[in-house]
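Right, one structure below, let's go through it.
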Amino acid sequence: MATHDEIEIEVLRYHPETDSEPSYRTYRVPFAHETSVLQGLQYIKDRLDGSLTFRWSCRMAICGSCGMMINGVPNLTCSAFLREYHPGKLRIEPLAHLPIERDLAVDQTDFLEKLASIQPYIIPAESKAVDEGPFTQTPAQRERFYQYSECINCLLCYAACPQYGLDSGFLGPAALALLHRYNSDSRDVGKADRMPIVNAQEGVWACTLVGYCSEVCPKGVDPASAVNRNKVISTLDYFFRFMAPRGASE
Amino acid sequence: MAVRRPYVRPMAGWWRRNPFYIFYMLREATSVFVALYALQLLYGLYTLAVGEAAFDAWLVSLRHPLFLVFHGVALAAALLHAFTWFNVAPKAMPVLYLGSHRVADRTLVWAQYLIFAVISVAILGVVLGG
Amino acid sequence: MQIVQTDVVIVGGGGAGLRAAIAVAEADPDLNVSLISKVVPMRSHTVAAEGGSAGVVQTEDSLDSHFYDTVAGGDWLCEQPVVDYFVANCTREMVQLEHWGCPWSRKDDGDINVRNFGGMSTARTWFAADKSGFHILHTLFQTSLKYASVHRFDEFFCLDLIVVDGRCQGIVAIEVATGEFFRFEARAVIFATGGAGRVYPCNTNAGISTGDGMGIAFRHGVALRDMEFVQYHPTALPGSGLLMTEGCRGEGGYLVNKDGYRYLQDYGLGPVDPSPRPKAMELGPRDKVSQAFWHEDRQGRTLETPLGTAVHLDLRHLGRAKLLERLPMICEMAETFLGIDPAEAPIPVRPAVHYTMGGIWTDGDTATNLPGLFAAGECSSVGIHGANRLGSNSLAEIVVFGKVAGEQAARAARAAPAIDARATTHEAEASMQSALALLGQDGDQRLADLRDTMQTAMENGVGIYRSAEGMQTACQTLEKVRNDYSRVRLDDKSRAFNTEWLTVIELGFTLDVARAMAYSALQRTESRGAHQRLDGYEKRDDEHFLKHSLAYAVADAPPRIDYEGVVITKLPPAERVYGGMARQEGH
């Protein structure tokens with residue numbers, strides 16, 4: 001890479017074997033116009049300090065590995081660029097609200113368990129054999145859920161959500177967006193199974209509509225809309241159950 | 001043998017960390033002024049029930065500079081509250097379609113301002129005309 | 001060392017591994033499946049596939065046509081019975097993904113939509129906008145959560161196979177978060193560890209595509225087949241190698257040189273038509289399109305960019321509406337990484353390493369020549385890609401053969417003899433000690449330097465065009481890197497989440513894969529598909545080389561290269577013809 005300039009990168013370090021709490025360390029990194037923040041971190045690891053720990057993989061903002069806080073804002077480091085911060089400096093921290101495993105790598109297990117809990121798969125009206133061919137789904141039907149299916153599970157929205165930070169029992173933006181994705185799919189009839197999750201204390205009602213999750217989402221999923229539409233749905237669900245205790249949730 | 005020892009960062013002072021959060025807290029704080037204004041209005045209704053003298057005294061008290069300041073602040077808070085609500089309303093509404101085209105969030109926000117303006121003018125017309 | 005007793009171990013949580021896990025669970029829910037992945041499954045490289053996945057659906061299309069395109073595209077180095085099975089099962093698997101929720105793009109009537117792809121006679125590529133791999137992976141991952149018998153071990157790094165009495169009986173893995181060793185005792189093991197694009201400096205691959213499974217299997221005497229065939233994708237971003245999908249051309253995009261000329265017409269791919277003609281021009285196969293770039297570059301007809309020479313991928317005539325519908329991620333990437341709006345300006349692209357056609361030798365049922373070990377997906381060579389893979393055949397491959405691997409492993413697990421715990425312990429201890437030795441070793445070599453030297457040697461010597469001299473130099477450099485490898489000194493000597501340690505282990509695997517590629521390439525004295533020579537072997541030589549290469553590891557020496565015949569049942573070797581003279585139907 002053609003090097004033009006240098007920038008200072010301050011990184012939060014934490015080693016579970018030796019540190020009682022995290023501390024900052026500063027590195028100077030050369031960069032060019034196209035150097036991503038991730039490449040800056042890779043430079044540190046390759047050339048300055050091989051012990052710096054972070055996750056990365058695809059480099060093209062689709063695998064969801066490299067989310068971190070850049071100057072306090074959750075972002076994918078592969079698609080943020082050092083030039084945007086120059087001549088200032090960068091402070092890179094692991095995603096907020098998630099436990100730090102080591103350095104910039106956070107513990108993702110809570111999200112993975114939450115994702116599993118929402119039944120994130122098609123629950124069909126009746127089982128259809130593969131030989132019968134695909135379901136028919138018009139572009140309009142597909143559009144009802146498609147935006148929510150674009151979640152890359154990068155967890156930026158969890159780092160943006162103070163309610164999750166204050167109480168990690170909250171199901172959180174991405175899991176609720178994916179729940180809404182399946183509930184909105186014309187091939188799925190699992191809504192009744194998922195409504196107790198929506199209605200629960202840890203479901204949509206733990207959200208106070210800060211709205212920052214949608215602001216930081218790199219894929220335009222707009223999880224806040226999924227959560228808040230489900231507040232309306234949850235209210236109607238309650239109302240209809242109240243009106244007709246044995247009735248359907250629709 | 002190594003064990004996992006994830007470090008959980010404290011949340012104290014979280015809302016000061018990001019301008020977005022500060023604005024969010026400000027939005028939430030508007031409810032305090034809206035509530036106080038409502039209490040004050042309720043008190044006015046109460047004085048009306050008590051009698052003309054009490055109601056007049058309440059009206060006089062409203063002209064006190066402190067009350068004027070309070071009304072100014074409450075109005076600002078109500079406007080901010082409305083503004084933030086208008087902005088987030090599309091997130092809570094079902095998705096609207098015109099034909100096969102999805103109505104953009106921004107269009108919905110502007111539609112609310114339009115409705116707000118129409119109603120305000122209508123009320124003003126009634127008040128001034130009456 | 002912790003011990004996990006299980007029935008089937010699957011290494012790799014990408015499309016092939018997840019499909020295999022589901023297949024085992026469906027074949028026999030009583031079998032305990034351990035799905036081991038060095039990343040959380042949805043981070044796997046399947047996620048980055050863009051254009052789509054093949055499956056015959058149109059009424060005018062036929063399985064024979066898909067068969068013909070695949071075999072001709074692979075320059076006849078394909079196992080024809082396996083291709084037969086493959087094309088017959090692609091559509092089924094695409095429908096299965098649809099039933100599991102994959103948001104395939106649709107026609108107005110709600111039917112599946114398909115697009116054109118390079119080297120395919122007609123539109124048969126199922127797509128979900130330009131995020132097909134992403135949607136397939138997330139669909140498979142989320143669906144896999146339904147199956148209680150599938151136990152995930154996320155962020156467990158597979159270090160080695162456990163082979164006792166000539167039979168694979170499990171694996172050794174490192175739990176990334178703690179650095180602790182785990183011994184998985186299993187009756188069957190499936191490798192679904194993906195490709196090895198990281199052998200080269202400029203590639204479209206994720207950082208994790210380091211050829212781990214190939215390297216591990218190779219060290220245990222399993223053959224790596226057809227490793228010299230490395231695919232360069234013609235349209236990647238200069239410098240980063242990020243992929244601009246072939247779907248861009250499937251939708252009608254042009255490739256033009258610095259004079260704005262659609263140069264592919266000069267390389268046997270013409271004529272120029274106003275609308276895309278299958279198998280012609282920009283819809284030629286990847287080997288030929290990348291080779292055409294090489295010639296244009298040599299003749300000075302490419303553009304200079306700060307990150308290397310390039311040609312233009314011009315999508316402007318498609319219009320913004322179509323670009324946003326069909327290629328939204330391309331638009332997003334062009335904007336993010338280049339500051340370009342493809343509706344307004346052409347995208348500079350050049351070839352970058354994309355895919356390893358070769359891999360772990362398997363039969364048509366995904367069984368390797370090591371009993372108890374199966375392989376599927378890019379890490380394997382089941383025999384369908386030959387010397388050049390057609391775009392959209394690999395996403396289909398991972399599900400078609402992922403399923404086969406799961407079913408076969410389930411059967412093998414039920415029939416397998418009891419595990420010899422004492423012998424497996426012994427083997428696992430040895431693997432652990434060698435990994436710990438790497439952690440502790442002292443030396444003067446920096447990991448990144450060795451990696452860079454290896455990658456540069458491969459790009460220079462074993463690139464789009466090759467010569468004996470260049471390949472020999474590459475081989476020598478690789479041997480030197482191999483020697484230096486024992487003198488790598490790590491900054492990080494700790495155990496918990498030590499990614500530097502894991503990276504050096506990966507580099508060991510990658511280096512073995514690179515050697516298998518370079519030596520296989522050196523000994524193939526002909527030109528075929530993605531293996532093109534300039535030193536007097538410019539022609540295909542069916543008499544001597546209508547054969548698969550087989551690379552075997554030899555202790556402290558270069559790999560031994562053997563050959564085996566190609567099974568040809570239906571389609572005898574013929575000339576590959578693209579452009580106006582191309583056969584459009586397979587009958």
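The values are calculated or read from the model by the stated rules, or taken from the named source; none is laboratory data. It should be emphasised that the depicted structure is a prediction, and the values quoted were computed from it without experimental measurement. Every residue, glycine as well, gets a Cβ built from its backbone with ideal geometry; the counts of neighbours run over all protein chains shown.
Descriptive notes on the structure:
- Count - residues of the range C:40-52 that are farther than 19 Å from residue C:4 by Cβ and assigned to a loop (DSSP other than H, G, I, E, B): 5
- Residue B:4 satisfies every condition listed in (1) surrounded by fewer than 16 Cβ atoms within 10 Å (Cβ to Cβ); (2) outside any helix (DSSP H, G or I) except (1).
- Unique residue being more than 17 Å from residue A:152 (Cβ to Cβ), within 7 Å of another protein chain (Cβ to nearest Cβ) and β-branched (Val, Ile, Thr) when the list is A:35, A:26, A:53: A:53
- Unique match (being touching a residue at least 60 places away in the same chain (Cβ under 8 Å) and β-branched (Val, Ile, Thr)) among C:569, C:525, C:503: C:569
- Helices (runs of 4 or more DSSP H) contained in the range C:198-304 and holding at least 3 residues under 27 Å from residue C:323 (Cα atoms): C:247-250, C:286-298
- Among the conditions (1) surrounded by 24 or more Cβ atoms within 10 Å (Cβ to Cβ); (2) farther than 30 Å from residue A:179 by Cβ; (3) facing chain A (nearest Cβ under 10 Å), residue C:178 misses just one, which is (1).
- Restricting attention to the range A:110-152, the residues that are part of a loop (DSSP other than H, G, I, E, B), of a type in the set (Ser, Thr, Tyr) and either touching a helix residue (DSSP H, G or I) at 6+ places or on another chain (Cβ under 7 Å) or more than 7 Å from chain C (Cβ to nearest Cβ) (or both) add up to 2.
- Scope the range C:53-111; condition touching a residue at least 12 places away in the same chain (Cβ under 8 Å), part of a loop (DSSP other than H, G, I, E, B) and within 18 Å of residue A:134 (Cβ to Cβ); matching residues: C:55, C:56, C:57, C:58, C:61, C:100, C:101, C:102, C:103, C:104, C:105
- Residues of the range C:520-532 that are assigned to a helix (DSSP H, G or I) and crowded, with 24+ Cβ neighbours inside 10 Å: C:520, C:521.
Here's the yes/no breakdown for (1) touching an Asp or Glu at 6+ places or on another chain (Cβ under 9 Å); (2) buried (at least 24 other Cβ atoms within 10 Å of the Cβ); (3) of a type in the set (D, E, K, R):
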{"residue": "C:1", "(1), (2), (3)": "yes, no, no"}
{"residue": "C:16", "(1), (2), (3)": "yes, yes, no"}
{"residue": "C:33", "(1), (2), (3)": "yes, yes, no"}
{"residue": "C:51", "(1), (2), (3)": "yes, yes, no"}
{"residue": "C:60", "(1), (2), (3)": "yes, no, yes"}
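- Just one residue in the set C:324, C:264 is of a type outside the set (Lys, Arg) and in contact (Cβ under 8 Å) with a residue 24 or more places away in the chain; that residue is C:264.
- Looking across C:410, C:423, C:428, one residue alone is out of contact with any strand residue (DSSP E or B) (no Cβ under 6 Å at 6 or more places or on another chain), over 19 Å from residue C:80 (Cα atoms) and not in a loop (DSSP other than H, G, I, E, B). It is C:410.
- A search for C-beta distances below 6 Å between a residue of the range A:188-206 that is of a type outside the set (S, T, N, Q) and any residue that is surrounded by fewer than 16 Cβ atoms within 10 Å (Cβ to Cβ), counting only pairs 6+ apart in sequence or on different chains, returns A:189/A:125; A:202/A:169.
- Residue A:169 being surrounded by fewer than 20 Cβ atoms within 10 Å (Cβ to Cβ), in contact with a Lys or Arg (Cβ under 9 Å, 6 or more places away or on another chain), of a type outside the set (S, T, N, Q) and more than 14 Å from chain C (Cβ to nearest Cβ): no
- Pick from the range A:208-231, criterion under 18 Å from residue B:81 (Cα atoms) and more than 13 Å from the chain's Cα centre (by Cα), ranking: surrounded by the fewest Cβ atoms within 10 Å (Cβ to Cβ): A:208
- Conditions (1) of a type in the set (A, V, I, L, M, F, W, C); (2) at the interface with chain B (Cβ under 10 Å from one of its Cβ atoms); (3) over 28 Å from residue C:44 (Cβ atoms): number failed by residue A:98: (3)
- Some residue of the range C:407-416 being crowded, with 24+ Cβ neighbours inside 10 Å and within 15 Å of the chain's Cα centre (by Cα): no
- Across the range A:62-74, the qualifying residues are those that are surrounded by fewer than 24 Cβ atoms within 10 Å (Cβ to Cβ) and in contact with a Leu (Cβ under 8 Å, 6 or more places away or on another chain), and the one among them that is farthest from the other protein chains (Cβ to nearest Cβ) is A:70.
- Residue check, residue A:75 without any contact (Cβ under 8 Å) to a residue 24 or more places away in the chain and over 17 Å from residue C:40 (Cα atoms): no
- Pairs meeting the criteria (first residue in the range C:472-496 and away from every other protein chain (no Cβ under 14 Å), second residue among the aromatic types (Phe, Trp, Tyr) and buried (at least 20 other Cβ atoms within 10 Å of the Cβ), beta carbons under 8 Å, at least 6 apart or on different chains) are C:475/C:519.
- In the range A:215-238, the qualifying residues are those that are among the small types (Gly, Ala, Ser) and either in contact (Cβ under 8 Å) with a residue 12 or more places away in the chain or more than 30 Å from residue C:324 (Cα to Cα) (or both), and the one that is nearest to the other protein chains (Cβ to nearest Cβ) is A:224.
- When residue C:128 is tested against (1) hydrophobic (A, V, I, L, M, F, W, C); (2) within 30 Å of residue C:440 (Cβ to Cβ); (3) in contact with a Cys (Cβ under 7 Å, 6 or more places away or on another chain), only condition (2) is not met.
- Filter result for residue A:197 (in the same structural domain as residue A:221 (by TED's automatic domain parsing), among the hydrophobic types (A, V, I, L, M, F, W, C) and in a loop (DSSP other than H, G, I, E, B)): no
- Selection count where residues are over 20 Å from the mean Cα position of the chain (by Cα) and hydrophobic (A, V, I, L, M, F, W, C), scope the range B:81-123: 6
- Each residue in the range C:349-391 was checked for being under 23 Å from residue C:124 (Cβ atoms) and charged (D, E, K, R), and 2 of them qualify.
- Of all residues in the range C:112-135, those satisfying the criterion of being in a loop (DSSP other than H, G, I, E, B) and either modelled with pLDDT under 95 or within 12 Å of chain A (Cβ to nearest Cβ) (or both) are C:113, C:128, C:129, C:130, C:131.
- Criterion applied to C:138, C:151 was being crowded, with 22+ Cβ neighbours inside 10 Å and either at pLDDT 95 or above or not in a strand (DSSP E or B) (or both), and the one residue passing it is C:138.
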